[in-house]
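One structure is given below, encoded as structure tokens.
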Amino acid sequence: MNKPEELAKLLGHADRRVRQRAQFALAHSQQVETFAAVLKEKTGLLARLHALWGLGQIARLDVSKTPKVKRVIDESCDVDDPAELRAQTMKVLGDMVVPVAPDDSIGAFDRALTFKDALWKLQFSNDSRTRFFAAMLVGKSAGASKKEGAEQLFALLKDNADADPYLRHAAVMGLYYLGDADALVAKANDKNRSVRLGVLLALRRLGDARVVNFLNDEDPSLATEAARAIHDLPIEKALPGLAAVLELKDLPRDEALIRRAISAAYRIGGESHAKHIAALAARDDVSNAMRIEAMDTLVDWEGRVPRDRVLGSHLVVPKRTIDEAKPAAKAIALDIVLGKAAPDVRAKAAALIESFNLPVLGERLMQLVRAEPTPVIVRKAVLDAMGGTGNDKLGDAITFALASSDAGLRNDARRWLAKLKPADAVPVLEGVLETGGAGEQQAAFATLSDMKNNAADAVLEKWLDKLIAGKVTLEIQLDLIDAARRRDIPRMKLKLAAWEAALSKDDPLKGVRQMLAGGDVEAGKKVFWEATKAQCSRCHKVHGQGAGEAGPDLFETLKKQEYAREYILESILFPNRKITEGFDTVLIETIDGDKITGVIRGDDGKTITLYTPDNKKMTFKAGDILDKRKVKSAMPEDFAKHLSEREIRDLVEYLAGQK
């Protein structure tokens with residue numbers, strides 16, 4: 001076992017790991033005198049820092065050693081020390097204060113002296129890191145000097161003027177450690193914005209409901225910050241104040257605040273809060289996004305999905321029924337649908353009618369479906385509302401929709417016809433399959449799969465025979481196959497098996513070619529950029545957009561491919577079959593024993609730059625690399641298992657359009 005004096009020499013070793021092990025060994029055996037001797041030396045900053053940290057370890061492990069450690073630090077450190085040592089001294093002293101209560105009976109730990117030292121460094125130090133740790137130490141060690149400490153921390157906030165977010169954070173933490181909420185509230189109307197922000201943030205950390213007063217701050221950004229404090233923690237007692245924002249005649253413009261006010265009203269519940277949310281949805285001076293959010297909140301009133309609508313975190317609301325919000329929804333839904341709001345807002349109001357099963361005169365809704373000038377998104381939503389509520393004019397609305405010039409509305413009309421009059425719907429759908437475009441054919445197969453009657457099954461079997469004969473276009477093959485699978489009928493299973501048996505064994509895309517065409521570009525775009533289960537943009541770029549570096553820019557790769565769709569699909573399903581040149585995955589093993597997998601993006605003979613699968617950039621000196629070899633692609637072999645066949649088809653469609 002190394003002797004203390006030998007370990008002391010290692011505190012200045014060139015290798016950080018050696019220094020740390022020496023520090024921990026000395027701290028474990030509580031070698032205060034050894035650390036003191038090193039700390040008193042005026043040369044060797046690294047050794048002195050490790051000695052200081054080691055003393056802090058001893059004090060935290062054994063509170064009874066705190067007075068002795070404090071005395072050593074006072075005797076060994078002074079104003080002429082390097083800035084980093086002064087800063088770390090403040091940090092270590094701050095960590096030592098934590099286990100000792102302000103009214104402790106130990107007595108030997110001189111809080112007053114520590115407070116004055118921290119206060120002096122906070123006021124007169126030119127080093128930001130020293131002031132950072134000193135500010136927090138002021139709050140921790142103030143004891144009976146809270147007023148003086150608070151004044152200096154307020155002065156720091158004002159002097160910093162939000163220029164350095166770290167110093168602002170330190171001041172806020174210092175005020176939090178002081179714990180004097182009344183003193184904070186007294187500064188809530190300070191003329192200086194930076195001081196008010198610091199007060200707000202400190203009150204947030206204290207969970208004090210008086211932060212609600214900042215919702216009326218003259219600075220809109222502070223009002224929003226107050227809303228975040230109340231909602232996101234949350235501060236339950238302040239939620240009613242946040243919900244009351246919805247009642248203001250002049251609403252704030254920041255959607256982050258409005259969204260949280262809606263959520264606060266939703267959390268509290270009750271008919272009155274539902275009414276306020278509905279009133280917001282009806283206001284023309286509110287953004288479309290917030291009007292839609294308000295209506296979505298009413299639909300979700302029961303809280304069937306236990307999720308916070310703002311943060312996405314788990315949230316269980318008080319037990320209540322959707323009937324509590326029904327009067328509020330009824331008061332606004334039809335007026336918005338018939339009004340002049342944006343199409344997506346009107347469509348959402350129609351969905352409100354369906355969700356709450358609101359009684360509405362069918363004639364008024366039918367006229368909207370019939371009127372070609374009405375935006376299609378509204379006509380489709382109204383048709384769905386009529387179908388969902390069993391409106392007596394649904395049949396007439398379907399007739400008008402079937403004659404529409406818009407394919408999407410016609411698809412919806414056929415879907416409702418299949419539910420209302422199945423026998424009439426089958427020949428209509430069969431006709432679409434024979435003469436309609438790919439989009440309408442896809443929708444027809446989806447409708448047939450839901451009908452579950454003999455006539456519909458006969459149509460699907462007829463088309464399966466065409467599939468076996470190779471007479472079904474690629475764009476609708478997946479839709480036909482999906483429809484047959486959903487029916488789960490032995491005859492259809494046999495036909496699907498016959499189709500699979502007839503496929504060429506030499507085809508590298510055997511059994512998956514139905515995913516090559518017919519996808520939805522917009523849906524594929526969402527899969528690429530937004531789907532967490534895919535995370536395509538984590539490694540790849542498109543046209544230079546995105547942060548991915550571990551994989552190739554797909555535009556640059558695809559423009560070189562003659563058969564882009566096949567290349568895309570094969571790369572998704574079988575990522576190791578073809579690797580883009582320059583993007584082979586390698587495993588690097590260093591002399592330290594670390595093993596890192598990634599793609600090499602730079603090698604000048606002296607250093608190698610590598611991007612890991614999580615897009616982290618790493619640089620290695622050539623001399624530190626023990627071994628480097630190619631391995632399988634970082635793209636998982638089972639990547640496709642995380643996506644449905646339709647999602648893969650959509651992704652292929654989107655990427656094929658980027659060539």
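Please list, in order, the residues from segment 315-331 whose amide nitrogen is less than 19 Å from a point placed 7 Å along the Cα→Cβ vector of Arg304.
Answer for segment 315-331: 315-330.
Between Asp406 and Arg491, what is 0.36 nm times their sequence separation minus the Cα-Cα distance? Round to one decimal in nm. Walk me through the numbers on the way to the answer.
Numbers: separation 85, 0.36 × 85 = 30.60 nm, distance 3.54 nm.
Taking Asp406 through Arg491 to full extension adds about 27.1 nm, to one decimal.
Going by average Cβ neighbours within 10 Å, how do the peptides 508-516, 185-193, 201-209 rank, with the highest at the top?
Details: 508-516: 17.7, 185-193: 14.1, 201-209: 20.3.
Descending packing order for the listed peptides: 201-209, 508-516, 185-193.
How many angstrom lie between the Cα centre of segment 451-489 and the Cα centre of segment 590-659?
Distance between centres, Cα-based: 41 Å.
Output the 0 to 90 degree angle, nearest 10, between the alpha-carbon long axis of helix 288-299 and the longest principal axis computed from the alpha carbons of the chain.
It is inclined by approximately 80 degrees.
Round to the nearest 0.05 the FRET efficiency obtained for Phe124 and Lys147 when R0 = 25 Å and r is the Cβ-Cβ distance.
Working: r = 20 Å, r/R0 = 0.81.
It comes to 0.80.
Mind ranking 418-424, 261-267, 322-328, 390-396 by how tightly packed they are, going by the mean number of other C-beta atoms within 10 angstrom, highest first?
Top of the packing list down: 261-267, 322-328, 390-396, 418-424.
So how exposed is Trp499, as accessible area in Å² (1.4 Å probe, rounded to 10)?
Accessible area, nearest 10 Å²: 20 Å².
Give Lys9/Lys616; Lys348/Lys533; Lys466/Lys510; Lys158/Lys249; Lys452/Lys505 a once-over and call out the pairs whose C-alpha atoms are over 26 Å from each other.
On the way: Lys9/Lys616 36 Å; Lys348/Lys533 28 Å; Lys466/Lys510 18 Å; Lys158/Lys249 33 Å; Lys452/Lys505 34 Å.
Check vs 26 Å cut-off fails for Lys9/Lys616; Lys348/Lys533; Lys158/Lys249; Lys452/Lys505.
If you take the beta carbon distance between Leu420 and Thr612 as r and set R0 to 41 Å, what does 1/(1 + (r/R0)^6) give as a FRET efficiency, to the nearest 0.05? Don't skip to the answer; put the middle values down first.
Numbers: r = 56 Å, r/R0 = 1.37.
So the FRET efficiency works out to roughly 0.15.
How many nm is it between the label spots at Asp450 and Ile625, if each spot is 7 Å from the Cα in line with the beta carbon?
Output for this residue pair reads 5.6 nm.
State the extension gain, in nm to one decimal, for the chain segment bounded by Lys466 and Glu522, taking 0.36 nm per residue of separation less the distance between their alpha-carbons. Show your work: numbers first, answer last.
Numbers: separation 56, 0.36 × 56 = 20.16 nm, distance 2.97 nm.
Length gained, Lys466 through Glu522: 17.2 nm.
Just how large is the dipole of the chain about the Cα centre, in debye to the nearest 20, putting +1 at every Lys and Arg Cβ and -1 at every Asp and Glu Cβ? Can you show the working numbers first?
Numbers: 100 positive and 97 negative charges, 142 e Å.
That gives a dipole near 680 debye.
Name the residue from Ile332, Leu11, Gly149 whose Cα lies farthest towards the positive end of the charge dipole of the chain, charges +1 on Cβ of Lys and Arg and -1 on Cβ of Asp and Glu.
Leu11
What nm distance separates the two modelled labels at Asp78 and Ala498, each placed 7 Å from Cα along Cα→Cβ?
For Asp78 paired with Ala498, the spin-label model returns 10.0 nm.
Using DSSP to call loops (not H, G, I, E or B), can you name the trypsin sites (Lys or Arg not before Pro) in segment 572-657 whose Cβ has at most 15 other Cβ atoms within 10 angstrom?
On the way: sites: Arg577, Lys578, Lys595, Arg601, Lys606, Lys616, Lys617, Lys621, Lys628, Arg629, Lys630, Lys632, Lys641, Arg646, Arg649; in loops: Arg577, Lys578, Lys606, Lys616, Lys632.
Qualifying residues, ordered by number: Arg577, Lys578, Lys606, Lys616, Lys632.
If you average the C-alpha positions of segment 236-277 and of segment 125-195 separately, how far apart do those two centres end up, in angstrom?
32 Å
How many nm is it between the label spots at Trp529 and Asp323, if each spot is 7 Å from the Cα in line with the beta carbon?
Placing both labels 7 Å along Cα→Cβ, they lie 4.5 nm apart.
Only bridges whose two residues both fall in the chain count here: according to DSSP, what percent of them are antiparallel, nearest 5?
Working: 21 of 22 bridges.
Around 95 percent antiparallel, to the nearest 5.
Which pairs in the list Lys606/Lys630; Lys526/Lys641; Lys40/Lys146 are over 24 Å apart, alpha-carbon to alpha-carbon? It would help to have the intermediate numbers written out before the result.
On the way: Lys606/Lys630 20 Å; Lys526/Lys641 18 Å; Lys40/Lys146 32 Å.
Too far apart for the 24 Å limit: Lys40/Lys146.
Full-extension gain between Glu434 and Ser313, please, as 0.36 nm times their residue separation minus the C-alpha to C-alpha distance.
On the way: separation 121, 0.36 × 121 = 43.56 nm, distance 4.83 nm.
Gain on extension, Glu434 to Ser313, equals 38.7 nm.
Above 36 angstrom, tally the Cα pairs of the chain and express them as a % of all pairs, no decimals. Show your work: numbers first, answer last.
Working: 138022 of 216811 pairs.
Value for the chain: 64 percent of Cα pairs lie more than 36 Å apart.
Within the chain, what whole-number % of the accessible surface is contributed by carbon and sulfur, with the 1.4 Å probe and all protein chains included in the calculation? Numbers along the way, then the final one.
Numbers: 16460 of 32420 Å².
Summing carbon and sulfur atoms, their accessible area is 51 percent of the total for the chain.
Report the calculated FRET efficiency for Lys595 and Glu363 (r = Cβ-Cβ distance, R0 = 60 Å), to the nearest 0.05. Numbers along the way, then the final one.
Details: r = 72 Å, r/R0 = 1.20.
With a Förster radius of 60 Å, E is 0.25.
Where only protein heavy atoms count, and the probe is 1.4 Å, what is the accessible area per residue for the chain in Å²?
Working: 32420 Å² over 659 residues.
Ligands and nucleic acids excluded, the figure is 49 Å² per residue.
Taking 2.2 N^0.38 Å as the expected size of a compact globular protein, what ratio does the Cα radius of gyration of segment 106-240 give against it, to two decimals? Walk me through the numbers on the way to the answer.
Values: Rg = 14.9 Å, N = 135, 2.2 N^0.38 = 14.2 Å.
Normalised by 2.2 N^0.38 Å, the Cα Rg of segment 106-240 equals 1.05.
The values are calculated or read from the model by the stated rules, or taken from the named source; none is laboratory data. Values in this document were obtained by computation on a predicted structure and should not be read as measured data. When we count neighbours, we look across all protein chains shown, and the Cβ atoms used for this are built from the backbone with ideal geometry, even at glycine. Note: accessible area is taken over every heavy atom of the protein model, side chains too, but ligands, DNA and RNA are not part of it. Shrake-Rupley method; radii C 1.70, N 1.55, O 1.52, S 1.80 Å.
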